[in-house]
1. Simple spin-label model, 7 Å along Cα-to-Cβ: Asp43 to Glu89 in nm?
2. Please list, ordered by chain and number, the residues whose modelled amide H lies under 5 Å from the amide H of Tyr376; skip anything fewer than 5 residues away on the same chain.
3. Give, in nm to one decimal, the length gained when the segment between Asn307 and Asn73 is fully stretched (0.36 nm per residue of separation minus the Cα-Cα distance).
4. Kindly work out what percent of the DSSP beta bridges joining two residues of the range 1-137 are antiparallel, to the nearest 5.
5. Calculate the spin-label point distance for Leu357 paired with Arg12, positioning each point 7 Å from the Cα along the beta-carbon direction, and give it in nanometres.
6. Going by Cα centres, the range 219-263 and the range 1-60 are how many Å apart?
7. Are there DSSP H segments in the chain that both extend 24 Å or more along their axis (alpha-carbon positions) and score a mean Kyte-Doolittle hydropathy of at least -1.0? List them, or say none.
8. So if R0 is 45 Å, what FRET efficiency would Ile394 and Ser115 give, r being the distance between their Cβ atoms, rounded to the nearest 0.05?
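We did not get these values from a lab; they are worked out from the coordinates using the rules stated. All figures in this text were calculated on a predicted structure; none of them were measured in a lab. Every residue, glycine among them, receives a Cβ derived from its backbone with ideal geometry; neighbour counts consider all protein chains shown.
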Amino acid sequence: MDIYLFEDNGYRKLLPLVYFRPVYDLRCGILTLREKVEKLFPDANIYYDMRDYLSETFLEKNPHNFVNKKPVNAAEVFLVNGRTLASTELSNVMRNLDLNTLLLKDNSIIAGRISTEYFDSVIDAIKQNKLQSSDFPALKFRELSSDIAVIEYSWELVLRNGDQIGSDFRLLFGGRGMVRGKISEGVHMLNPENILVDEGAVIKPGVVLDAEDGPICIGKNARILPNAVIVGPAFIGENSIIKAGAKIYEGTSIGPTCKVGGEVEESIIHSFSNKQHEGFLGHAYLGSWVNIGADSNNSDLKNDYGNVKVYVDGEYVNTGSQFVGLTMGDHSKCGINSMFNTGTVVGVCCNIFGAGLPPKFVPSFSWGGADGFETYRIDKAIEVAARVMLRRKIKLSPADQKLFQKVFELTNSERLFQAKE
């Protein structure tokens, strides 16, 4: 089975989170969108399609993968949109799909099964957002009426995160908890059959793991320090540390090698990001290598309890939700006592500091705060990123530096104006 996991133009609505990664490397639940496909189709040959500028760094981290290559050895190819939340339902639908059939939902191609003779023309049409059934009379187009989801905006990942933790827990562990790590005396585990503590993980005295309303998954070598409270559904990634007295509420996913303290609710934090100190983070999505300063807070509910608007690809979009917090791109940081308004979007490689609320949209590579911003020089941004990564014994490679340069160029237009709501 050859699967072509592709990016379409929908990636633009997921910026700034996908400047440094393909859309399917976003996390939702325990797994990234890519890992869900890999787990559901363990014997498949998966081909990874992405924007060209991402391929070199992706290959450095995944040297054995097929990247931006066309399947050539099979008579047919299964297509999967990288923005799809793959599930057992999708797996069943795809395995029973007629040849030369494409599945649509919300005006996007979700999946398909096509002969290789149509591969180039179909993919080109998808990339140009010009796929018309009239241009492909030999193909069947079916509207997908099931609950299989395709992600359009970043806040949808946050709102679906709790359910995805549950479905990933069932996919990975059959819905059964177990303890492989060390549980200290004085730990309270509520509904322990819904709790997974993996090898090398350490749970210190006074910790409460409350899995009565959803599973809790603690990854390998993670450490939960004394008196922390974790309410499921929740995921704490490998090598992460939950600080003493932290309050991690339902619907939260914390990726590998993070340090998190204070109060966090219904948020997703990618790998190597820190929010170590007191302060509230709610309905937020943080990229990788983010650092949140002590006593910083984000609002996730407007005073008038209305729907939150978020700046997306040049315009403000009504989310249809009362709860939307901070979105912050990779390698961005904020100083102590920072405050973020409801639905604020901060780009990549930003440094925010000072009193007052910054704008609801902060362009990538910005330095400043409520009093104004200047461009964060690309050489300085690379220098700081290299220093930060070396603290985790990870070297910023020449390919990484090229990626920074490219994203700096791609975001030039963001810094030419200030978005107005």
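1. 2.6 nm
2. Ser366, Trp367
3. Numbers: separation 234, 0.36 × 234 = 84.24 nm, distance 4.97 nm.
Length gained between Asn307 and Asn73: 79.3 nm.
4. Details: 11 of 21 bridges.
Of all bridge pairs located within the range 1-137, approximately 50 percent are antiparallel.
5. Each label point is offset 7 Å from its Cα along the Cβ direction, giving 2.9 nm.
6. One Cα centre to the other: 26 Å.
7. Values: long enough: 154-173 (27 Å, -0.01).
Span-like helices here: 154-173.
8. Values: r = 43 Å, r/R0 = 0.95.
Efficiency, from the Cβ-Cβ distance: 0.60.
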